[in-house]
Amino acid sequence: MPPPILLTVAGSDSSGGAGIQADLKTFAAHGCYGCSAITALTAQNTRGVTAIHTPPADFLAAQLEAVLSDFPPDAVKIGMLPDADCVRAVADSLRGMQAPIVVDPVMVATSGASLSSDPAVAAMRALLFPLAAVITPNLREAEVLGAMQITCEREMEACARRIGFPVLIKGGHFPGHGANDLLYIDEEALWLRAPRLDIGDIHGTGCTLSSAIACRLAQGHTLYEAVKLSKAWLTWLLKEKPDFGVPNGPMMPR
């Protein structure tokens, strides 16, 4: 039986810790065949992003047409979309697709660099979120999408309701001892709890988690199962991460 085909639509990270590179490594670690459409080229490492080059939207559309016409995916992961034209190209290419789509609304890199414009975020909300099986913002991205501040778990649930789509809000940026994520689907709040690891900020966790969820969905798991299994796998990866990269070291999906 052939492996599931996964498509990532995201930016390239020249240091290999996030973006397209992290997605493809995650697909391989889950026994899936990975295809890609690159939305942006970045010059970056674990210290920060020094340059971004965005290809024209019609070239992104050409990449998607080439892949989709020959490798129909069993799931799609969408990451960095730098501008609204890019968002529209992706939405037009994927509209009507039956495969589950995981949207990781990447707005800011771990290093603090801005990766998506405000019009891109608005276009994602209007065009991509309705197509998604789940959206996976971190805490700060959820605050932007929900237009509210989050200071406690009750506000996290309120924000998820305001976002209005199936959403996994990642709670890793909360101060305290827990790394607790909220999956909000069908008006139900499902908490996935784990102890916080004292390892600082890690490069590429969001990309890796959302790609793992896409893999699990392609393999036939329910959304809750996919998120639960992916979170457990990510926690293991964090404990076993290689000792390089300053200050935000990467992981090694396997």
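The table that follows gives values for the structure above.
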{"item": "Cα-centred dipole magnitude for the chain, charges only on beta-carbon of K, R (+1) and D, E (-1), debye, nearest 20", "result": "480"}
{"item": "Over the stretch 1-155, equivalent-ellipsoid semi-axes from the Cα gyration tensor in Å", "result": "23, 18, 17"}
{"item": "Accessible area of the stretch 123-254 belonging to carbon and sulfur atoms, whole % at 1.4 Å probe", "result": "53"}
{"item": "Nearest-20 debye value, the stretch 1-103 charge dipole, Cβ charges on Lys, Arg, Asp, Glu", "result": "300"}
{"item": "Length released on extending from SER14 to THR235, taking residue separation times 0.36 nm less the Cα-Cα span", "result": "77.1 nm"}
{"item": "Inter-probe distance in nm under a simple model that places probes 7 Å from Cα toward Cβ, at ALA43 and ALA189", "result": "4.5"}
{"item": "Computed [θ] at 222 nm, deg cm²/dmol, the chain (DSSP H ≥ 4; -39,500 (n - 2.57); rounded to nearest 500)", "result": "-11000 deg cm²/dmol"}
{"item": "Segments 67-73, 42-48, 77-83 sorted - mean Cβ within 10 Å per residue, highest first", "result": "77-83, 42-48, 67-73"}
{"item": "Average accessible area per residue (Å²) across the chain - probe 1.4 Å, nucleic acids and ligands excluded", "result": "44"}
{"item": "Dipole magnitude of the stretch 153-250, debye to nearest 20 (Cβ charges: Lys/Arg +1, Asp/Glu -1, about Cα centre)", "result": "100"}
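The values are calculated or read from the model by the stated rules, or taken from the named source; none is laboratory data. All values reported here derive from a predicted model rather than from experimental measurement. A quick note on method: Cβ atoms are made from the backbone with ideal geometry, for glycine too, and the neighbour counts reach across all protein chains shown. Heads up: the accessible areas ignore ligands, DNA and RNA and are worked out on the full protein's heavy atoms, side chains in. Shrake-Rupley method; radii C 1.70, N 1.55, O 1.52, S 1.80 Å.
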